[in-house]
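No lab work stands behind these numbers, since they all come straight from the coordinates. Keep in mind it's a predicted model, so treat the numbers as computed, not measured. Every residue, glycine among them, receives a Cβ derived from its backbone with ideal geometry; neighbour counts consider all protein chains shown.
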Amino acid sequence: MKKEDVIIIGGGPAGMISAIQLKRYGITARVFEQHRLGGLLWNANLVENYPGFPGGIHGPKLVRLFSQQFEALSLEPTLDTVTSLGYDGEDFLVTTQQGIFASTTLVVATGTRPNTFPPGFLSEGAVERTYYEVAPLLDMQGKQIAVIGAGDAAFDYAINLSRKNHVMIFNRTKEIKALPLLVQRCATIQNIQYFEDMPVEQVMAEENGLVLKFNQDQEKAVQVDLLIGAIGRSESFPPMSAQLVREQTMLTKLGRLQIVGDVQNGIYRQTAIAVGDGLKAAMKIYQYLKE
């Protein structure tokens, strides 16, 4: 079993900048990413608060720029899924679908996973037409798409898809949690309709699409081609061994274990924050390895 100086789990902005900064110190980290570099930036219609881009930048374009900088340093991710984390008293043990990898230090930048609809909400045939991220749908056109949610993601997804499709946003209450800026933009786009106080009770599959059914007070049903759930996200943290749980605080204080980015930032999920977290983590790990 080969031992690494540093293992980074997650190829989003936090994990990428950690690897980039470590390479500047002469340290090549092994970066595990289960899908592709970029994380949730692939879903972002427009990133407007990342320094250096007046007027904002589309999420996929920012991913490409990050990736170019990553690859220019001869860095590349290991495409694999981490299934658990351990600690044997000396090394971190990272178990993946391909095997077990050991490291002196560890950066966990695993981000978040989408909250899914509860059991029974989707009929069996509706599952395959339901998505929780917008990235797989960006090439769709001429579709009727429903978005359930009332936060930033719901309105941003609607804007992203409205260029080529008709989008309906369904909010189960009258409270909007999204940025007023996003709400105002949606209101000016002809291809977007917003419905408040419209709780969807069930989604049924039909031969050519989906039917959204509302509560008993509303007889109307809406037919769409696809459904997106934008009902929040939760931290995505690999299972940890009992020993690692016991030693986590001590290892973090030593600088050996760094948990960064969206996986620990709660509602403060922003690219700029994740990048700062990842950069600081790399600097702390370098100090530990140097000492």
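Start at zero, step by 5 Å, and the Cα-Cα distances of segment 110-169 spread as 4, 16, 27, 26, 18, 9, 1 percent across the bins.
Taking a ≥ b ≥ c as the square roots of the eigenvalues of the Cα gyration tensor, segment 102-143 is oblate, since a/c reaches 1.5 or more and a/b is not larger than b/c.
Oblate is the label for segment 17-168, because a/c, from the alpha-carbon gyration tensor with a ≥ b ≥ c as root eigenvalues, is 1.5 or above and a/b does not exceed b/c.
Using the Cα centre of segment 248-291 as the reference point, and only Cβ charges (+1 on K/R, -1 on D/E), how large is the resulting charge dipole? Debye, rounded to the nearest 20.
The calculation lands at about 120 debye.
How about segment 232-290: which chymotrypsin sites (Phe, Trp or Tyr not before Pro) there lie in a loop by DSSP and see at most 15 other Cβ atoms within 10 Å? Each step should come with its number before you reach the end.
Working: sites: TYR268, TYR286, TYR288; in loops: TYR268.
Sites meeting the loop and neighbour criteria: TYR268.
Pairs of Lys residues in the chain that lie 8 or more places apart, or on two chains, and have C-alpha atoms under 16 angstrom apart add up to 8. Listed peptides 195-201, 254-260, 185-191 appear in the order 254-260, 195-201, 185-191 once ranked by packing, highest mean of other Cβ atoms within 10 Å at the front. Each residue of segment 244-291 gets 65 Å³ once the volume of the Cα convex hull is shared out per residue. Under 16 Å from a label point set 7 Å out along the Cα-to-Cβ vector of THR28, no amide N atom of segment 251-270 is found.
Report the one residue of THR188, PRO13, THR96 whose Cα lies farthest in the direction of the positive end of the charge dipole of the chain (charges on C-beta: Lys and Arg +1, Asp and Glu -1; origin at the Cα centre). So the residue we want is PRO13. A Förster radius of 45 Å combined with the Cβ-Cβ distance from LYS164 to ASN215 puts the calculated FRET efficiency at roughly 0.90. Structural size metrics of segment 51-115, computed from C-alpha coordinates, are Rg and Dmax of 16.3, 49 Å. The residue list THR83, SER162, LEU179 was ranked by how far each Cα lies along the charge dipole of the chain toward its positive end, using unit charges on Cβ atoms, and LEU179 comes out on top.
Ranked by the mean number of other Cβ atoms within 10 Å of their residues, highest first, the peptides 37-48, 164-175, 9-20 fall in the order 9-20, 37-48, 164-175. With the simple model of a label 7 Å out from the Cα in the direction of the Cβ, GLN270 to ASP88 spans 4.3 nm. Diagonalising the gyration tensor over the Cα atoms of the chain and scaling each eigenvalue by 5 before taking the square root yields semi-axes of 39, 21, 16 Å, largest first. On a C-alpha basis, how far is the centre of segment 135-166 from the centre of segment 75-124 in Å? Whole number, if you could? If we compute the Cα centre of each part, the gap is 29 Å.
Given +1 on the Cβ of Lys and Arg, -1 on the Cβ of Asp and Glu, and no further charges, what dipole in debye does the chain carry about its Cα centre, rounded to the nearest 20? Display every interim value, and only then the final one.
On the way: 27 positive and 30 negative charges, 171 e Å.
It works out to roughly 820 debye.
What you get for segment 193-277, charging only the Cβ of Lys and Arg (+1) and of Asp and Glu (-1), is a dipole of about 760 debye around the Cα centre.
Averaged over every viewing direction, what's the projected area of the C-alpha convex hull for segment 138-254? Give it in nm², one decimal, please. If you can, show how the numbers build up before the last one.
On the way: hull surface 46.6 nm².
For segment 138-254, averaging the hull's shadow over all directions gives 11.7 nm².
A straight chain from THR249 to LYS61 at 0.36 nm per residue would run longer than the Cα-Cα distance by 63.9 nm. Each stretch of four or more DSSP H residues adds -39500 (n - 2.57); spread over every residue of the chain, this sum gives -8500 deg cm²/dmol at 222 nm. Evaluating 6.51 cos²θ - 1.76 cosθ + 1.60 at θ = phi - 60° for every residue in segment 135-147, the Karplus couplings come out as 3, x, 10, 5, 8, 5, 8, x, 9, 9, 10, 9, 10 Hz, glycine and proline recorded as x. Shown here for segment 35-123: trypsin sites (Lys or Arg not before Pro) in loop regions (DSSP other than H, G, I, E, B) with at most 13 other Cβ atoms within 10 Å, namely ARG36.
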